[in-house]
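See structure below.
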Amino acid sequence: MPKGSCLCGAIRYETPFALEAIDHCHCSMCRRSHGSAFATYGRVPSESLTFTTGRDQLREYQSSDVATRSFCGRCGSSLLYRHSEAPQFDFITVGTLDDDPGSRPRAHIFVGSKAAWYPIDDDLPQHEQYSPSTSD
Ligand SMILES: [Zn+2]
Ligand SMILES: [Zn+2]
């Protein structure tokens, strides 16, 4: 069962589902939100997360008409992303998992807006926007 936590440990979560469809997202909003070249998210069925501690510390920011990002109000760790056009999924930040997610990234997405200073040098597929099967 995947488990994860924020940097300060106030928020801990778990889900009975393995993370699927892990993508590295290079969009400008993920880059700013994470302060890094890209953000890595994997999806689980919506509302499958259980917050074992710190649910009250979770803050939300609506970053666009369709996207809501959740983070720890104490340490700022990015934890969760929800997209109104894919309400069947919660997207978890793979970097907050305690252990190996058991699967590997499948693609780079939104490479059309990737950081100029970061060269993608692996062989994963690259998509201008979402992976073609994002809403499977
Ligand atoms: Zn925290
Ligand atoms: Zn993104």
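Quick notes on this structure:
- Most to least packed among 20-29, 1-10 [average Cβ atoms within 10 Å]: 20-29, 1-10
- Anisotropy class of segment 3-113 from Cα gyration tensor, a/c 1.5 cut: rounded
- Between segment 72-116 and segment 1-25, the alpha-carbon centres lie 9 Å apart.
- Per-residue ellipticity at 222 nm from helix content only, as computed over the chain with -39500 (n - 2.57) for each DSSP H run of at least four residues, stands at -1500 deg cm²/dmol.
Throughout, read-outs are computed from the coordinates displayed, never taken from laboratory work. None of these values were measured; they are calculated from a predicted model. For neighbour counting, all protein chains shown are included, and Cβ atoms are generated from backbone atoms with ideal geometry for every residue, glycine included.
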